[in-house]
Amino acid sequence: MSPTSSSRPAAPRIVVLGSLNMDLVLRVPHAPAAGETLLGRSFATIPGGKGANQAVSCAREGAQVRMIGCVGDDDHGRALRQALERDGIDTEALRTDAAEPTGTALIMVEDSGQNRIVMIAGANAGVDLDAADLRTRLEGAAFLVTQFETPMAQVERAIALAHEAGCKVLLNPSPVQAIAEPLWPKIDTLVVNEIEARTLSGLGADSPLEAAAAGQAMRARGIARVVVTLGARGAVAVDADGARHHPALVVQAVDTTAAGDTFLGALATALGEGQSFDEAVRLGIRAAALCIQQPGAQPSIPQREAVLRSPLPPDWIPL
Ligand code: ADP
């Protein structure tokens with residue numbers, strides 16, 4: 001199906017296991033150096049966290065999403081839960097931990113659009129899977145989408161359960177750490193940025209050609225598909241047919257927070273709808289381009305309708 005088509009396939013079911021953070025966003029002319037006191041431009045409190053952002057991106061692309069995670073028993077936790085519910089996301093499996101504060105991210109956005117982030121896991125460290133419930137939810141779901149902002153033991157359990165249930169796994173190994181060897185063949189689609197690609201493959205990923213080689217090296221460990229995102233240079237898609245460079249759209253970056261999460265949600269939903277890998281990557285490129293033209297994490301994630309109205313990226317280039 002072409003991403004420009006107006007007819008919509010059935011909504012795929014996607015289970016997201018991941019973090020929820022309240023983002024405390026400081027807009028600054030530039031990041032302060034050690035010892036420097038700087039007059040910032042503005043402060044805002046915005047729902048974020050990789051897990052929640054990816055859940056919101058899937059939902060705004062039209063997927064039926066269930067979120068698994070943990071928030072604190074505080075105002076930020078309640079606001080994050082409500083934000084997901086406003087997007088129609090099922091929060092029944094979202095736990096409240098009375099002992100820990102909701103996860104927090106202090107995000108400094110420079111005038112250039114670059115960001116610097118300090119994260120406090122808080123309640124995200126208390127994610128505790130209900131295996132029976134998760135197994136039921138994974139049966140018939142198109143994807144389990146997960147990242148590394150919740151405890152590794154829970155992520156590994158969820159991936160194993162998804163594999164047993166015949167549900168494909170889309171992993172975004174961020175913040176990057178080693179992926180245990182037995183997990184690799186249980187992953188269907190791996191989405192990494194340049195830094196993650198470099199760490200996991202041990203190879204450079206500074207150019208599309210290098211990213212293709214890094215992607216091939218990771219695929220050789222048992223994964224069907226790898227996407228290496230390259231910021232303003234777009235993304236490289238690697239599968240059994242080889243590697244393709246998908247150039248990004250040329251846009252003015254206001255705030256790149258959640259660009260990768262937006263990309264991933266569009267990719268996962270399109271794959272769940274049965275679109276081809278390359279069409280799904282193109283949709284991700286278009287969605288991410290809209291995201292970076294708006295400030296904040298969740299407020300900047302576009303709806304599918306807006307993505308379909310946005311410009312088409314240049315054709316992909318075989319590598
Ligand atoms: P992450 O935020 O996870 O590090 P990237 O920076 O690679 O991920 O961005 C993810 C996607 O967002 C890219 O593949 C690209 O499509 C889009 N993107 C990011 N920055 C830009 C930019 N400056 N211009 C156009 N597209 C961008």
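The values are calculated or read from the model by the stated rules, or taken from the named source; none is laboratory data. Small disclaimer: the values here were computed from a predicted structure and weren't measured. Note: ideal-geometry Cβ built from the backbone for every residue, glycine included; neighbour counts use all protein chains shown.
Structure values in brief
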| quantity | calculated |
| --- | --- |
| Some residue of segment 147-165 being surrounded by 16 or more Cβ atoms within 10 Å (Cβ to Cβ), within 16 Å of the ligand (Cβ to nearest atom), closer than 30 Å to Ala31 by Cα and among the hydrophobic types (A, V, I, L, M, F, W, C) | yes |
| Some residue of segment 175-190 being modelled with pLDDT of 95 or more and near the ligand (Cβ under 10 Å from one of its atoms) | no |
| Residue within segment 19-38 that is without any contact (Cβ under 8 Å) to a residue 60 or more places away in the chain, surrounded by fewer than 20 Cβ atoms within 10 Å (Cβ to Cβ) and part of a strand (DSSP E or B) present | no |
| Candidates Thr136, Thr96, filtered to the one that is at pLDDT below 95 and either over 26 Å from Arg27 (Cβ atoms) or not polar (S, T, N, Q) (or both) | Thr136 |
| Of all residues in segment 279-306 being aliphatic (A, V, I, L, M) and without any contact (Cβ under 8 Å) to a residue 24 or more places away in the chain, the one that is nearest to the ligand (Cβ to nearest atom) | Ala280 |
| Out of Asp278, Asp261, sole residue that is at pLDDT 95 or above, under 18 Å from the mean Cα position of the chain (by Cα) and surrounded by fewer than 18 Cβ atoms within 10 Å (Cβ to Cβ) | Asp278 |
| Residues of segment 134-157 classified as in a helix (DSSP H, G or I) and under 17 Å from the mean Cα position of the chain (by Cα), total | 2 |
| Residue match in segment 48-64 (condition: touching an Asp or Glu at 6+ places or on another chain (Cβ under 6 Å), buried (at least 21 other Cβ atoms within 10 Å of the Cβ), farther than 22 Å from Pro295 by Cα and not small (Gly, Ala, Ser)) | no |
| Close pairs (7 angstrom Cβ cut-off, 6 or more residues apart or separate chains): on the phi < 0 side of the Ramachandran plot in segment 109-127, more than 16 Å from the ligand (Cβ to nearest atom) and among the hydroxyl-bearing types (Ser, Thr, Tyr) anywhere | Ile120/Thr104; Ala123/Thr102; Asn124/Thr150; Val127/Thr150 |
| Options Val109, Val118; residue that is surrounded by fewer than 15 Cβ atoms within 10 Å (Cβ to Cβ), under 28 Å from Arg78 (Cα atoms) and more than 17 Å from the chain's Cα centre (by Cα) | Val118 |
| Filter pass, Arg244 being part of a strand (DSSP E or B), of a type in the set (Lys, Arg), in contact with a helix residue (DSSP H, G or I) (Cβ under 7 Å, 6 or more places away or on another chain) and away from the ligand (no atom under 11 Å from the Cβ) | yes |
| Matching residues in segment 206-241 - criterion: being crowded, with 16+ Cβ neighbours inside 10 Å, within 11 Å of the ligand (Cβ to nearest atom) and closer than 20 Å to Leu171 by Cα | Ala211, Val227, Val228, Thr229, Leu230, Gly234, Ala235, Val236, Ala237 |
| Sole residue being part of a loop (DSSP other than H, G, I, E, B) and near the ligand (Cβ under 9 Å from one of its atoms), chosen from Leu249, Leu203 | Leu249 |
| Selection count where residues are closer than 22 Å to Pro175 by Cα and either in a helix (DSSP H, G or I) or of a type in the set (A, V, I, L, M) (or both), scope segment 78-118 | 9 |
